[in-house]
Structure formats: structure tokens, C-alpha cells
1. Is the range 128-148 home to any residue that is assigned to a loop (DSSP other than H, G, I, E, B), closer than 20 Å to residue 62 by Cα and under 27 Å from the mean Cα position of the chain (by Cα)?
2. Out of all the residues in the range 102-124, which are surrounded by fewer than 15 Cβ atoms within 10 Å (Cβ to Cβ) and in a helix (DSSP H, G or I)?
3. Going by the conditions given, is residue 255 modelled with pLDDT of 85 or more, in the same structural domain as residue 37 (by TED's automatic domain parsing), crowded, with 24+ Cβ neighbours inside 10 Å and in a helix (DSSP H, G or I)?
4. Within the range 114-125, does at least one residue satisfy the condition of being within 17 Å of residue 334 (Cβ to Cβ) and touching a residue at least 12 places away in the same chain (Cβ under 8 Å)?
5. In the range 19-37, what count of residues is obtained for those that are more than 23 Å from the chain's Cα centre (by Cα) and in contact (Cβ under 8 Å) with a residue 40 or more places away in the chain?
6. Looking at the range 513-532, which of its residues are farther than 17 Å from residue 474 by Cβ and touching a helix residue (DSSP H, G or I) at 6+ places or on another chain (Cβ under 7 Å)?
7. Out of the range 423-434, which residues are surrounded by 14 or more Cβ atoms within 10 Å (Cβ to Cβ) and either modelled with pLDDT under 90 or more than 12 Å from residue 466 (Cβ to Cβ) (or both)?
8. When residues of the range 400-414 are filtered for being surrounded by fewer than 17 Cβ atoms within 10 Å (Cβ to Cβ) and modelled with pLDDT under 85, how many remain?
């Protein structure tokens, strides 16, 4: 019976084993991702017992990639994408070039041909969409400046891989003329440009309008179905008509839908499916790995992991710092990129089909992927501890601005929460100074006639420029509790008597932020519940 239903069996067995081993990993104080990857090994072709359908598992994992990128697009606008282009575009290109060079060198050292070594290096240069978004999402960093840069960086890598998937087969033919290659590249750029233009001029009108009409029916079921149809439909349609990746198509669909007032509801309705298929992604990765590579090429595996985790992260960190961004932001972006995933698998599969990739190269990429994915939560944990420490007095934020305000309020972070707080304070006539590390936001605030400081609020220089010594209150709107904690600690040290209010997401955040010196910590769900109760009592 099971042989006649491979799809159902693969989903059922994969989720059941992932649940059990994910729970075990959680009890051992490891990331559940470790359990999901182990589940893939258990039901994969390289271990005894039940063997799942690898091809089906990989296709199911693609759905996870589509839904995750669609969800990211729902929180990302064209304006925000353009705002990070100065970092993401050169950063991604230089980091990919460096990682490809390191991987090529390793491949040549192991005795492979030039083509095999270069393809191996290229496979090590691109980060996993699922792993990055999962890591940033779990730490509430997707809506931060660092999160936006990391996602923009990922989009550039995605576009580079679209080009690579066109170029590699052409080069594999041998004897290809420069004119042929240039023509293929021009055709690829034209297709991608056509897709973006279609989404911009047509999609941004049709998609929000369609979902609004569905919402008017009052059927939650139809609304959820409409959201999934848009995300999956645009992704598959883009791949079929324009030959761009599923991930890129889904991301643009989400960005277009963000223009609708229903974006928040769409994100909530698609969340359960995103989580379920993200688990299947990790299971699929585990199924692909041959554990025997550990014994066959231990030194090669160590070098591969070192390039993925160490080399890529080091290059990304250096590039972001060179662009005069803070140490904590550079660390977050470096950690986000210190892994590989789905595009790497596509590249090595393509190389194997074209018979230009050494078998050990394929196994090393897959094993390197699983080890880097396991290491990623540990890297983020280390980053959190380092980023929480105040930085050295040498500061890249060299803004000459210094407020003359006294008895004022400082708002740290001009995102959804901080921006709303600042606007309400200005409307009430309360002297307010905003601190934000986004140059575009700061320039906009100043153009509107308000005071703003460009920089990282962890730094004493930035806080002094905002008048921390004479401020009566500091409102920390930073969504990431660890970054917020560092800001609170720095502000408390410089202003022992100030009223410092921060935001959290649960009991742990409250305890941590109060320990750092916050006077009050507000948790969104708690405040909503209190307001609902107050409204009900007042209506009696």
C-alpha cells in the first residue's frame, strides 16, 4: 500500500521522524534543526530501514522555499530593497567572488579539473534562503536594518545564481564563442527585467485588487487559498515564463502584495504552511548526504566547512565594516551568510548531469551544507553575546549633529514601533530626537523638520549627540531583544535617572531587558490583552 502513495508516505514519515528527533534535540538544548536534519539521514538512502523518495522530498522542500520568500516579501518593499543596494550589491558580488576563489583553490588542491573546482567553489558561495530566514525570523531580526541588508544580499545572490544556471551549461559545451555566451547572458537579463517590469506595472495593481475582492467575500478559507495561490502561482509562473527561480518569483509576489492593507493577514494565514514545509526542507537536505564522505575525505570536509563558515563570514564581515556599518550589524550579516543550501544543491546536481563535477565535490558540498546548517544557530548565539558588548570608542558614525534639546524624549529605532511613537510625540508637541542607523530614514526625518541622529545607539558618542544627559526618557523601539538590551545598558550607564522603556516578546525578554536597566518593558500581546479587558470593563 505504501509503495502506491510515495508522496503521502514521504510527507508523513518525514514529519513524524522530524517531530520526534526535533523534540529530542530540543531536550538536549540543541536547535530543532539538528533533529530535522537527522530525520533526513534516518529515512535517506544511505541508512538502513525505510527509504523516502528523495526526488519528492526535494520538490516538497522547494515549496518551503517559495512560501518563506513569499513571507519575506510581505515584510519588504521596493523602497527598502533599493535602500540597501549600496551594501547588498557590491557586498554579495565580492563575497561570492572570494568564496568561489577559495573553493576553486581547494578543488585544485584535491586534484580535480579546473571546471569541477570552479563549480565547486561557486556552490560554496551562495547562502541558503531557508536557513537565513529561519535564523533571522527566530531572533526577530527580519525587520531590522541588518535583516534588510541580509535579505537584499540574498536577492543579489539569487540573481547571480539565475545567471550561473544559464552560463554553466553553455560553458560545458566547450568551444563556445564569446558572442554565444554574451547572447545568452543578454537574454537572461532581458527575461529577469521583463519579469520585474511585469510585476511592477501589472502585478502591483492586479494582485492587491484580487486579494481585496476575495477578502470581501468574508470567507477565511477562500482568503487563505487566495494567498497561497498568489505566492505559489507567481513563483511557478515566473519560473515557467521567465526562467527565474521560484524563490525570486515568490519574493516579488510578496513585495507586491505588501502594498495591500491585507498584507499582515496574508502573512499570518500562510505561516503554518511555511513552518511545515521549512521542516521538510531540512529533512530533504539530510536525505541527500552520504555520511561516508567523512571517512573518505576528512581533510577536504574540514576545509569545505572552514570556507563556508569561516571564509564567507570573514569576507562579509570585512566588507560591511569597510562600508562603515556597526560591528553588531556586520556580525549579524556575516552569521546569516555562513551556510549554504538549496542553490548549492541545484548547482552540484547540474554539474553532475553535465559530467563536469567530481563525485567527491558533490558529496563535500552536501556534507558541508548539513554541518554549516547545524553550526549556524551556534554562530548566531556567539554573535549575540559579542554584539551585546559595547564597542570600542573608535566609531564609524561621524555625524556632526548634536541636539540642543533638554527635558526631551529619545526614540531609538524608526521602524514600525519607534516611528509611530515618534510621530505621536511630535504631534503632541513633545521635544523628541530619533536615533536610527538608516541614513535614508534620518534624512527624511530631518527634511520634515525634526531632529534625528545617524548612528548606532549602543555608542556613547551617538547617545551624547542625541542629548542623553538631559533627556527625560528613552524609548527603545529596536525589535531584537539582544540589540535592545545593549542600547538599554549603554543608555542607563550615561543617564542613571532617565525613564527607559523597551519592547519585548515574552517573559525572558522582560527579565533580560530589566536586568540591563530598562524601567519598563512592554510586551505587545500583554498590552493588547490589557486594553481589551479595560475596554470591556469600561463598556459596563
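The values are calculated or read from the model by the stated rules, or taken from the named source; none is laboratory data. Just so we're clear, the structure is a prediction, and the values are computed from it rather than from any experiment. Note that each Cβ is placed from the backbone with ideal geometry, even for glycine, and that neighbours are counted across all protein chains shown.
1. So the first thing to find is which residues in the range 128-148 are assigned to a loop (DSSP other than H, G, I, E, B), and the list is 128, 139-144.
Retained after the next criterion (residues that are closer than 20 Å to residue 62 by Cα): 128.
Still in the list and also under 27 Å from the mean Cα position of the chain (by Cα): 128.
Within the range 128-148 (the criterion being assigned to a loop (DSSP other than H, G, I, E, B), closer than 20 Å to residue 62 by Cα and under 27 Å from the mean Cα position of the chain (by Cα)), the answer is yes, since at least one residue qualifies.
2. Here is the first cut: in the range 102-124, the residues surrounded by fewer than 15 Cβ atoms within 10 Å (Cβ to Cβ) are 105, 109, 111, 113-114.
Scanning the range 102-124 gives 105, 109, 114.
3. For residue 255, the condition - modelled with pLDDT of 85 or more, in the same structural domain as residue 37 (by TED's automatic domain parsing), crowded, with 24+ Cβ neighbours inside 10 Å and in a helix (DSSP H, G or I) - is not met.
4. Narrowing the range 114-125 to residues within 17 Å of residue 334 (Cβ to Cβ): 124-125.
Next cut, touching a residue at least 12 places away in the same chain (Cβ under 8 Å) only: 124-125.
Yes; the residues of the range 114-125 include at least one that is within 17 Å of residue 334 (Cβ to Cβ) and touching a residue at least 12 places away in the same chain (Cβ under 8 Å).
5. Within the range 19-37, residues that are more than 23 Å from the chain's Cα centre (by Cα) and in contact (Cβ under 8 Å) with a residue 40 or more places away in the chain number 0.
6. Kept after step one, since they are farther than 17 Å from residue 474 by Cβ, are these residues of the range 513-532: 523-532.
Selection gives 523 alone.
7. Residues of the range 423-434 surrounded by 14 or more Cβ atoms within 10 Å (Cβ to Cβ): 423, 425-426, 430-434.
Across the range 423-434, the qualifying residues are 423, 425, 426, 430.
8. The qualifying residues number 6.
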